[in-house]
Amino acid sequence: MRTIDHWVGVPLCAIVSPVVALMDGVKNLFSRGPQTPKRLLFIELSEMGSAILVDPAMRNAQARGAEIFFLIFKSNRASLTLLNTVKPENIFTIDSSSLGSLIKDTLKFLIVARVRRIDTVIDLELFSRFTALLTGLCGARQRVGYHIFHSEGLWRGTMLTRKVHYNLHIHITKNFLSLIHAAFAKEIEVPFSKIHIPDSEVKLEQAVINPDMLKKVLSRIEQKASEAGIPFAYGKNRIILINPNASDLLPQRRWAQQRFSELIQAVHQHYPDDLILITGSPAEFVYVDKVRSVANVKNALNFAGQVTFAELPPLYTLSDVMVTNDSGPGHFSAVTPLRTVVLFGPETPALYGSVGNSIAITANLACSPCVSAANHRKTPCHDNVCMQAISVSQVLDNVVHQLQEADKAKGRQPE
């Protein structure tokens, strides 16, 4: 996808840019100046975690009176259901499983966007040329997104009417809120957005947990524990989640399987009566099982594929702490009270840290973070020393701290 975005995206942006500029010129002849967004579309195709991190920005737009819409890859649609900020009928999807479906759904979207009279588009992607083309061609009069200005490379044509400076020194949630300011601003700024965004604006809403689903997930945990011969009583025994995998898009984010196995052993030594669930998707079952078998801890269960995406909030609500690589679960859990420990290496928590009850661990090497929006999250590194430098004892200390805080919140007596 990156290769296509470069070799096809660049010439397409060059061809489409003057067409879009001509269309804008015609529209401006009949316009009466800036209009307040009424039907606002967010575009974020490939990052499931970003669908959570953009939620404060979407609620900000709603509070200003806009009806919001969202365009996302079909495979990532479920991420929008955790908080249900966008009405289901206002979610557009593109199936990226094949070139034919990608083209078909793209053309369908360009038609539907006009039918639904989208007047403002916010491109959340960091310099993707595909989303820039969708933004420029969807018919919206006002188009907001990140622009390179004097930076090198990553040219996307002239698809935007409101160009925002992407700030590498503030959290991504604040960068998203910066886009909202640009969309609603009465005057043009160069660059957008000349505002202060307080930390209070990035607080996430909490997911509404279905009691029946909560009972269903708890029953599944109890059944798995019973089948493994593990004595477990919810409320008496804690649930500790270990999420050892990370997306194949950036394998450098993975803490080693052996380290996770050692962590499970260490956690079990500290809390021998508690249940450890090693989580993952159905496709990660074998990966997770290797972590479990090496740890060889009876109270640790392979829980990969045991819950659906919709059941993650109930699972996180039932649990006390989770350790995870820098990946989606660190963000998904932020909509619940779950306390997390998130391991960072090639990326930085300063920009992409969870906004939940989270502790980020990073080695702060001179070479990291080595991936960013400026390099399409590509790195030449094949030896992730930044992750190897994180020790089991360091992670364990933070797990102990988070469990102590969870105990206080739940009124448990300290051990």
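The values are calculated or read from the model by the stated rules, or taken from the named source; none is laboratory data. In this text, all values refer to a predicted model and were calculated from it rather than measured experimentally. For neighbour counting, all protein chains shown are included, and Cβ atoms are generated from backbone atoms with ideal geometry for every residue, glycine included. Heads up: the accessible areas ignore ligands, DNA and RNA and are worked out on the full protein's heavy atoms, side chains in. Shrake-Rupley method; radii C 1.70, N 1.55, O 1.52, S 1.80 Å.
I want the local charge near SER391. Using Cβ-Cβ distances under 13 Å, sum +1 for each Lys or Arg and -1 for each Asp or Glu among the other residues.
Numbers: positive: ARG259; negative: GLU262, ASP397.
Result for the neighbourhood of SER391: -1.
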Cross-link partners among aspartates and glutamates for LYS236, C-alpha distance below 17 Å, same-chain residues fewer than 8 apart left out?
GLU222, ASP273, ASP274, ASP320, GLU405, ASP407, GLU415
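Roughly how many Å² is the accessible area per residue of the chain, as a whole number, for a 1.4 Å probe?
Working: 19050 Å² over 415 residues.
I get 46 Å² per residue for this part.
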For SER358, list long-range residues whose amide hydrogen, built 1.01 Å from N in the peptide plane, is under 5 Å from its own amide hydrogen.
THR340
The farthest towards the positive end of the charge dipole of the chain, of the residues GLN258, VAL115, ASN325, given +1 on Cβ of Lys and Arg and -1 on Cβ of Asp and Glu, is VAL115
Coil-residue GluC sites (Glu not before Pro) of the range 144-204, DSSP, other Cβ within 10 Å capped at 14
GLU152, GLU187
Once normalised by the length of the range 152-240, the mean sequence separation of its alpha carbon contacts under 8 Å that are 6 or more apart gives a contact order in percent of 21
If you bin the C-alpha pair distances of the chain every 10 Å from 0, what whole percents do you get?
4, 21, 30, 24, 14, 6, 1, 0
Compute the helix-to-body angle for 257-270: its Cα long axis versus the longest principal axis of the chain, expressed 0 to 90° and rounded to tens.
50
With θ set to phi - 60° and the Karplus curve 6.51 cos²θ - 1.76 cosθ + 1.60, what are the ³J(HN,Hα) couplings of the range 147-152 in order, to the nearest whole Hz, using x for Gly and Pro?
10, 7, 6, 9, 6, 7
Heavy-atom accessible surface of the chain: percent carbon and sulfur, 1.4 Å
57
Specify the angular offset, from 0 to 90 degrees and rounded to the nearest 10, of the alpha carbon long axis of helix 211-227 from the longest principal axis of the alpha carbons in the chain.
40
For the chain, modelled as a GNM with alpha-carbon contacts under 10 angstrom, which of LEU41, LEU343, LEU107 fluctuates the most?
LEU107
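Keeping all protein chains in place and using 1.4 angstrom, which order do LEU40, LEU154 fall into by accessible surface area, from largest down?
Putting LEU40, LEU154 in descending order of accessible area: LEU154, LEU40.
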Which residues does a label at VAL112 reach in the range 75-99, if reach means a backbone N under 14 Å from a point 7 Å past the Cα toward the Cβ?
75-78, 87-96
Dipole magnitude (debye, nearest 20) for the range 1-98, charges at Cβ of Lys, Arg, Asp, Glu:
320
On C-alpha positions alone, give me the angle between the axis of helix 172-184 and the longest principal axis of the chain, in degrees, nearest 10.
30
Provide, for q = 0.19, 0.24 Å⁻¹, the log10 of I(q)/I(0) from a solvent-free Debye sum over equal Cα point scatterers in the range 24-83.
-0.75, -0.96
Relative contact order for the chain: what percent, with Cα pairs under 8 Å and sequence separation of 6 or more?
14
Subset of LYS27/LYS163; LYS87/LYS186; LYS203/LYS378; LYS74/LYS163 violating a 25 Å alpha-carbon distance limit
LYS87/LYS186; LYS203/LYS378; LYS74/LYS163
Taking only the alpha-carbon positions of the range 133-271 and ignoring solvent, what does the Debye formula give for the base-10 log of I(q)/I(0) at q = 0.14, 0.16 Å⁻¹?
-0.91, -0.99
Convert each backbone phi in the range 160-171 into a coupling constant with the Karplus relation 6.51 cos²θ - 1.76 cosθ + 1.60 (shift: θ = phi - 60°), then list the ³J(HN,Hα) values in order as whole Hz, x for Gly and Pro.
9, 9, 10, 9, 10, 6, 7, 8, 6, 10, 10, 4
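If exposed chymotrypsin sites (Phe, Trp or Tyr not before Pro) are those in a DSSP loop with at most 15 other Cβ within 10 Å, what is the longest stretch of the chain that has none?
Of all site-free stretches, the longest is 150-415.
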Residues whose modelled amide H sits under 5 Å from the amide H of ASN237, counting only those 5 or more places away in sequence or on another chain, are none
Find which of GLN206, SER368, THR348 sits farthest along the positive direction of the dipole of the chain, computed with +1 on the beta-carbon of Lys and Arg, -1 on that of Asp and Glu, about the Cα centre.
GLN206
